[in-house]
Amino acid sequence: MVVWAQTDDGVRGFLVPAGTPGMTATPITQKLSMRASIQCDVVFDGVRLGPDAMLPAAMGLRGPFTCLNEARYGIVWGAMGAARDSYEAALAYSQDRLQFGKPLAGYQLTQEKLVNMLLEIQKGTMLAYYLGRLKDEGKLRPEQISLGKLNNVREAIKVAREARSILGGNGITLDYSPLRHAANLESVRTYEGTDEVHLLVLGQHITGLSAFR
């Protein structure tokens, strides 16, 4: 595993081989979200590594922050994928499900929900595309990534929950994806920087004042 740790020379990156004496990784099994992914509680007790374990070019927080920015950028797109799948599941269901003699999609409240979902998906996708163009040009800034991650994950959760409401009671089963997406997106809302972290990144950019401390 890659581990970032404080040293006498500042934060440095290390490669820690599996099975290193003193290192234990215990899988976290009682999860309501991201159940297909394995996360572990990791403990280091007297772990010793040779100098060849240190990443030679990664010095300070620049290394881990570079990794974070790449992951956060990917989430900007991935969240919209979850939102679109939720929307498409709700749309297909509403067109097939008959309620009082006509498709659920034929009711005004259902159409309002579908349109609102599609609006946020299209806006979020255009935002992701714009950030991708900036990235290709080498102009993408960390605060822009924070804006995309914060907005798209937050809106994707709303879309998934709204899609679940169209599915009614069937929406709580594993036959349909929206509630599964909503649960997984709660984890996405937390990792690679919580909503609050990205709010403060943007707040600092807007005001010029850091509120982290």
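The values are calculated or read from the model by the stated rules, or taken from the named source; none is laboratory data. Keep in mind that what you see is a predicted model, and the values were worked out from it rather than measured. All Cβ positions, glycine included, derive from the backbone under ideal geometry; neighbour counts span all protein chains shown.
The table below lists the values:
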{"quantity": "Those residues of the range 115-127 which are crowded, with 19+ Cβ neighbours inside 10 Å and within 19 Å of Arg164 (Cα to Cα), in sequence order", "calculated": "Met117, Glu120, Ile121"}
{"quantity": "First in the range 30-48 and on the phi > 0 side of the Ramachandran plot, second anywhere and in a loop (DSSP other than H, G, I, E, B) and of a type outside the set (Ser, Thr, Tyr), Cβ under 9 Å, 6 or more apart", "calculated": "Gly46/Pro21; Gly46/Gly22"}
{"quantity": "Restricting the range 59-72 to residues that are small (Gly, Ala, Ser) and within 30 Å of Leu185 (Cβ to Cβ), the residue that is modelled with the highest pLDDT", "calculated": "Ala71"}
{"quantity": "Residue list for the range 26-67, filter: among the β-branched types (Val, Ile, Thr) and assigned by TED's automatic domain parsing to the domain that holds Arg12", "calculated": "Thr26, Ile28, Thr29, Ile38, Val42, Val43, Val47"}
{"quantity": "Search result, residues across the range 69-86 that are more than 30 Å from Tyr176 (Cβ to Cβ) and either surrounded by fewer than 16 Cβ atoms within 10 Å (Cβ to Cβ) or under 11 Å from the mean Cα position of the chain (by Cα) (or both)", "calculated": "Glu70"}
{"quantity": "Wholly within the range 1-85, strands (runs of 3 or more DSSP E) carrying at least 3 residues that are β-branched (Val, Ile, Thr)", "calculated": "2-7"}
{"quantity": "Test result for Arg164, more than 11 Å from the chain's Cα centre (by Cα) and in contact (Cβ under 8 Å) with a residue 12 or more places away in the chain", "calculated": "yes"}
